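Notes follow the structure.
Derivation of every value follows stated rules applied to the coordinates shown; laboratory data play no part. The shown structure was predicted, so the numbers you read here are calculated from the model rather than taken from an experiment. With ideal geometry, Cβ positions are generated from the backbone for all residues, glycine too; neighbour counts draw on all protein chains shown.
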Amino acid sequence: MTIFGWDASNYDWDRGPMDFAVAKADGITFFTHKLTEMGTEGTYVHRFGDAAVRAHQAGFKYIGAYVVPRSGVSVVAQTNKAIQEADRQWPAWRSFPGFFWQVDSENWGYDFPPLSVGTEMCRLFEMATGKKAVHYASVGHYGPAWNQPYPRWNPNYYLWQRVGHYRSLYTQSGGDTGPGWTGSARIWQYSDSAIIGRQGTCDANAFKGTEEDFARMIGATSVSTTDDFVSHYLQ
């Protein structure tokens, strides 16, 4: 079995209605939205809270916040800022059983952080919040080797800019034997131009496994562990 997810950022809000109820009815199981990106030039804050509230109201059980790690800035500072923003925008994340962190490492052109920066951010998120992290890091940018405990999210657009329904594009891209399932990938982002519900130009993602498998991967629980945090924020 394969389940599907959608990840978005501020840029998606002008591309369509951001109708989460329709996306869920269309078969999307998990959703993430960009939260922060903290570089030497400043911090970019995205509308994670607006998206999380809508996704929660639509009945999504698995909602993540994605954070872009950057070079030249303390990883602790970047992690702290993301946690503070999550608390400000959607404090319910702490008790939401299906919340998880997505750390988005990639070559942006303006910055190409070492994989170790994202790996450390994953570690700090898990240590500080008790919520699991998934590491978005393409095989194309960082190579196939994957010697870390965080599940790998691999972007590989086999059908670059091909427009179509997300399920159709997955099949056309090779489906469960497609080229994105390399380098120990647990999630494959196979399109950035998919149609999901009423929304076009979407990042579409696949996870090979059941919903229960996904829940185990992100450590989804029925009881909040906020009282067991190492600290409210990293020191």
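Which residue, 166, 11, 142, has the most motion in a Gaussian network model of the chain that connects Cα atoms within less than 10 Å? With Cα springs under 10 Å in the chain, the top fluctuation among 166, 11, 142 is at 11. Applying 0.36 nm per residue to the separation of residue 165 and residue 44 and subtracting their alpha-carbon distance, the gain on full extension is 40.5 nm. For the chain, averaging the sequence separation of C-alpha pairs within contact (under 8 Å, six or more residues apart) and dividing by the residue count gives a relative contact order of 23 percent. Judged by the ratio a/c of the largest to the smallest principal axis of the C-alpha gyration tensor, the stretch 1-46 counts as oblate, that ratio being 1.5 or greater while a/b is no larger than b/c. Shape class for the chain: rounded, because the ratio a/c of the largest to smallest gyration tensor axis (alpha-carbon atoms, square roots of eigenvalues) is under 1.5. A Förster radius of 25 Å combined with the Cβ-Cβ distance from residue 57 to residue 213 puts the calculated FRET efficiency at roughly 0.45.
Counting only DSSP H runs of at least 4 residues, each contributing -39500 (n - 2.57), and dividing by the residue count of the chain, the helix-based mean residue ellipticity at 222 nm comes to -7500 deg cm²/dmol.
Each label point was placed 7 Å from the Cα along the Cα-to-Cβ direction; for residue 110 and residue 95 their separation is 3.8 nm. About its Cα centre, the chain has a charge dipole of approximately 260 debye under the convention of +1 per Lys or Arg Cβ and -1 per Asp or Glu Cβ, with nothing else charged.
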